[in-house]
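Structure, as structure tokens:
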Amino acid sequence: MGIFRDHKKRQQLSQTPLYENYHERVKYLANTDMPIDFLLAGELAQIQTFVIPSISRLLHRTKQYEHAGTKRLDDTRAILTECMADTVHSDRGQLMVEQLNFIHGHYQISNDDYLYTLALFMVEPVRWSETFGYRRLSEDEKQALYLEFRDLGEAMNIQQIPEDFYAVKRWYEQYRRENMAFDPANRAVTEGLIRGMQQMMPKWIQPLTSPLLRTFVLTMINDDVALQALGIKPPSKPVQGLLRGIMKLRSRLAKRINIWQIFDYESSLIYRYYKSYPGGYQVRCLGPEKIISRLPATEKAAVCPFSGSVNRQREEENEVAMNAKNEANIVG
């Protein structure tokens with residue numbers, strides 16, 4: 001299989017009944033067919049959760065995005081990787097789900113907010129592919145996404161998950177209409193996430209990349225109503241047009257060329273790079289430091305060996321910076 005896009009593997013997967021290989025289909029999409037699209041759609045899905053004030057207020061109280069945005073982004077991606085790499089039913093997936101449930105057990109989160117967040121990871125990759133992808137996802141691929149994340153939702157004890165992709169999409173749209181509203185916490189958490197993305201870049205290039213990355217993220221959200229609820233002004237129309245044009249050229253190129261047919265995405269720097277974990281992450285280090293430090297050791301996994309060190313130092317540095325900023329505002 002060369003660099004020119006080959007659809008044989010996707011066609012082979014489609015020959016097997018969906019309920020027998022939905023995990024393989026999603027893994028093929030995320031690791032071979034359109035990995036960068038799935039990566040970006042997953043990152044941007046997090047921003048869509050912030051339009052719901054009950055979600056953003058909790059995140060604002062924890063300060064995870066505002067004080068440790070890069071770690072929160074790394075943790076979310078690593079947690080999804082652990083849950084989905086070998087399915088949530090595998091030992092690897094079950095261990096991560098147990099930790100995820102332990103973390104969430106320390107917060108009061110409604111079932112609807114859980115379900116809304118879960119739905120975004122089904123809906124956003126589809127919406128992204130329709131706007132920026134080289135092709136739209138097939139009906140079976142949409143249902144495969146639904147089945148894969150339904151398994152995760154059930155493992156997380158999320159109740160009343162609708163019966164298929166389109167039922168989830170209808171539920172999601174209604175919940176968003178009824179609950180989306182501006183709140184100062186929406187903007188605060190979103191700005192924290194964007195700063196976390198910006199800080200993933202090397203420090204020497206951040207003055208150049210930070211404004212470009214912010215503009216790119218706000219354009220790729222592709223949702224003016226969501227930006228209004230976030231309290232963030234969208235980029236100018238000419239700038240958005242330029243970026244959309246670049247993405248359209250990318251999609252046209254991707255129709256013909258797919259480098260992930262000759263390079264292993266799971267071995268690539270893009271897949272393996274975690275700014276917060278330069279030596280690679282350990283499962284028991286994923287999550288808010290104050291909570292993972294309480295995780296009990298088991299035969300399958302010990303406690304995080306870095307508990308209380310790097311993350312606490314980072315929290316203290318952020319708190320000092322925030323206090324200095326508040327004092328400057330008071331003086332001004």
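Each value in this text was obtained by applying a stated rule to the coordinates, not by laboratory testing. The model shown is predicted, which means the values in this text are computed figures rather than measured ones. Heads up, the Cβs are rebuilt from the backbone with ideal geometry, glycines too, and the neighbour counts pull from every protein chain shown.
For Ala185, indicate whether it is within 23 Å of Thr117 (Cβ to Cβ) and not in a helix (DSSP H, G or I).
Working: within 23 Å of Thr117 (Cβ to Cβ): yes; not in a helix (DSSP H, G or I): no.
Considered against the rule, which asks whether it is within 23 Å of Thr117 (Cβ to Cβ) and not in a helix (DSSP H, G or I), Ala185 comes out as no.
Report whether or not Met247 is outside any helix (DSSP H, G or I), of a type in the set (A, V, I, L, M, F, W, C) and in contact (Cβ under 8 Å) with a residue 40 or more places away in the chain.
No, not satisfied.
Can you confirm whether Gly2 is over 26 Å from Ala144 (Cα atoms), out of contact with any strand residue (DSSP E or B) (no Cβ under 9 Å at 6 or more places or on another chain) and not basic (Lys, Arg)?
yes
Test of understanding: among Val51, Val26, which residue is part of a loop (DSSP other than H, G, I, E, B), buried (at least 21 other Cβ atoms within 10 Å of the Cβ) and touching a residue at least 12 places away in the same chain (Cβ under 8 Å)? Full working, then the answer.
On the way: Val26 fails: part of a loop (DSSP other than H, G, I, E, B).
When all the criteria are applied, what remains is Val51.
Find all pairs meeting these conditions: Cβ atoms under 9 angstrom apart; at least six residues apart or on different chains; first residue within region 84-104 and touching a residue at least 40 places away in the same chain (Cβ under 8 Å) and surrounded by 15 or more Cβ atoms within 10 Å (Cβ to Cβ); second residue of a type in the set (S, T, N, Q) and in a helix (DSSP H, G or I).
These pairs meet every condition: Val88/Gln94; Met96/Thr81.
For region 1-23, enumerate the residues that are among the hydroxyl-bearing types (Ser, Thr, Tyr) and outside any helix (DSSP H, G or I).
In the first step, residues of region 1-23 are kept if they are among the hydroxyl-bearing types (Ser, Thr, Tyr); the result is 14, 16, 19, 22.
Thr16 - this is the single residue of region 1-23 that is among the hydroxyl-bearing types (Ser, Thr, Tyr) and outside any helix (DSSP H, G or I).
Would you confirm whether any residue within region 273-285 is loosely packed, with under 10 Cβ neighbours inside 10 Å, outside any loop (DSSP other than H, G, I, E, B) and of a type in the set (Gly, Ala, Ser)?
no
Is it the case, given these coordinates, that Ser56 is of a type in the set (Ser, Thr, Tyr) and buried (at least 21 other Cβ atoms within 10 Å of the Cβ)?
Yes; evaluated as a whole, the condition is true for this residue.
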